[in-house]
Amino acid sequence: MINILVVNVNWLGDAVFSIPVFKALKKTYPQVRISCLCVPRVKEVLEYCPYVDKIIIYDERGKHRLPWAKWRLIRHLKKRNFDAAFLLHRSMTRSLLVYLAGIPLRIGYCKVKALLTDPVAMASEDVHRCDYYLRVLESYGIRVDDRLCELRLKVEDMQAVDVKLSKAGIGTAEKYVVLNTGGNWDLKRWSTGSFTLLAKRLDQEFGLKIVFSGSHKDREHCQQIAQATGIKVFVLAGETSLGESLALYKRAAIVISGDSGPLHLAHSVGADVIGIFGPTRPEITGPRGSGRFEVLIKDVGCNKAPCYHLSCSNNVCMQSVTVDDVCQAFKKIRS
């Protein structure tokens, strides 16, 4: 049996984009056992990836922050006798971990190439994140035929969501629209007013029920929007586990979101999605799942795109996407 370690990425959406890496490794080496070294925030996502056999947590800001804790992790990696490590993250610290663990083949991105046996040249910034990660395998001669990101639902999550929707007044045969208002930084969020108007339009013109999803920190914001709509909507933000959120997206008529983890989670389970983009670009972080999708983005004349300007004062790129634009995209997908 071949024993491989994949050193993964930091964010939920990026973890989804890394799934084809595990899929390609399983196809190339049918007897492989794949472990993944990841930060705590993406652990739950990888538990829904059918190609990962073992998850090893690297809590770089928590229990592995101090040098002796890192050394314990290194010893743990060494005991597992990995044949190779593929590094999707260019972190020097993570490269040093696998180097000190004595893993004989170390392939991937790193600023200090001496730590790797097979360093990979940095790809262009215009490359989609999924292709950026797959390039690590391709540089080693591994063929990639499937670039779709897919997560597998669990029956218990589907059942739990059915119960929660039923309690909210949505039957198992009823279709609904999921609105995700969150984002890991504010400039990727569509405005509160736009989401409010959109919810009302979807209710009035299409007769569809509206469900707001998100984490616990999004709940208050969703409730404010729900109250402002003046119609009956359902706020499940903060009330679903990650698996239940996947099931919620899968059952939806469509999921509408900015460029955030939930957009990519939804598409990874085959949900139809509309992505609203502004300071980021779909060529780099656009949906890569199996559902239908529409991406909405406006050219507002900025000098650089994607800009990632966290101090932008007007967020004109996001706010230039209108409720009419979203409704037209909705009709296009539904036709």
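The values are calculated or read from the model by the stated rules, or taken from the named source; none is laboratory data. The shown structure was predicted, so the numbers you read here are calculated from the model rather than taken from an experiment. Every residue, glycine among them, receives a Cβ derived from its backbone with ideal geometry; neighbour counts consider all protein chains shown. Each accessible area value is taken on the protein alone, full model and side chains, heavy atoms only, with ligands, DNA and RNA left out. Shrake-Rupley method; radii C 1.70, N 1.55, O 1.52, S 1.80 Å.
Let me know the whole percent of all Cα-Cα pairs from the range 156-242 that are separated by more than 22 Å.
24
Here is the link list: Lys250/Lys298; Lys79/Lys154; Lys188/Lys298. Which ones come out longer than 21 Å on Cα distance?
Lys250/Lys298; Lys79/Lys154
Among rounded, prolate and oblate, which fits the range 214-274 when a ≥ b ≥ c are the square roots of the eigenvalues of its C-alpha gyration tensor, a/c under 1.5 means rounded, and a/b larger than b/c means prolate?
prolate
Relative to 2.2 N^0.38 Å, what does the C-alpha radius of gyration of the range 1-72 come to as a ratio? Two decimals please.
Normalised Cα radius of gyration, the range 1-72: 1.14.
Hey, which aspartates and glutamates would be in cross-link range of Lys232, C-alpha to C-alpha under 16 Å, not counting anything within fewer than 8 residues on its own chain?
Qualifying aspartates and glutamates at Cα under 16 Å: Glu174, Asp203, Glu205.
Kindly provide the chymotrypsin sites (Phe, Trp or Tyr not before Pro) of the range 168-266 that DSSP labels as loop, not H, G, I, E or B, and whose Cβ sees at most 14 other Cβ atoms within 10 Å.
Sparse-neighbourhood loop chymotrypsin sites (Phe, Trp or Tyr not before Pro): Trp185.
Which loop GluC sites (Glu not before Pro) in the range 109-213, with loop taken from DSSP, have no more than 13 other Cβ atoms within 10 angstrom of their Cβ?
Glu125, Glu174
Could you give me the percent of Cα pairs per 10 Å distance bin for the chain, shortest bin first, beginning at zero and ending with the bin that holds the maximum distance?
6, 25, 31, 23, 13, 3, 0
Taking 8 Å as the Cα distance limit and 6 or more residues as the minimum spacing, I'd like the relative contact order of the chain as a percentage.
With pairs under 8 Å counted, the relative contact order is 15 percent.
Ratio of Rg to Rh for the range 61-136, alpha carbon only, Kirkwood?
Reported Rg/Rh (Cα atoms, Kirkwood Rh): 1.01.
In Å², and per residue, what accessible area does the range 1-114 have when probed at 1.4 Å with the other protein chains present?
Accessible surface, normalised per residue, equals 46 Å².
What FRET efficiency would be calculated for the residue pair Leu105, Arg152, taking the C-beta separation as r and a Förster radius of 22 Å, to the nearest 0.05?
Computed FRET efficiency for Leu105 and Arg152: 0.15.
With a cut-off of at most 10 other beta carbons within 10 Å, and DSSP calling the residue loop, which trypsin sites (Lys or Arg not before Pro) in the range 93-199 qualify? Please list them.
Arg143
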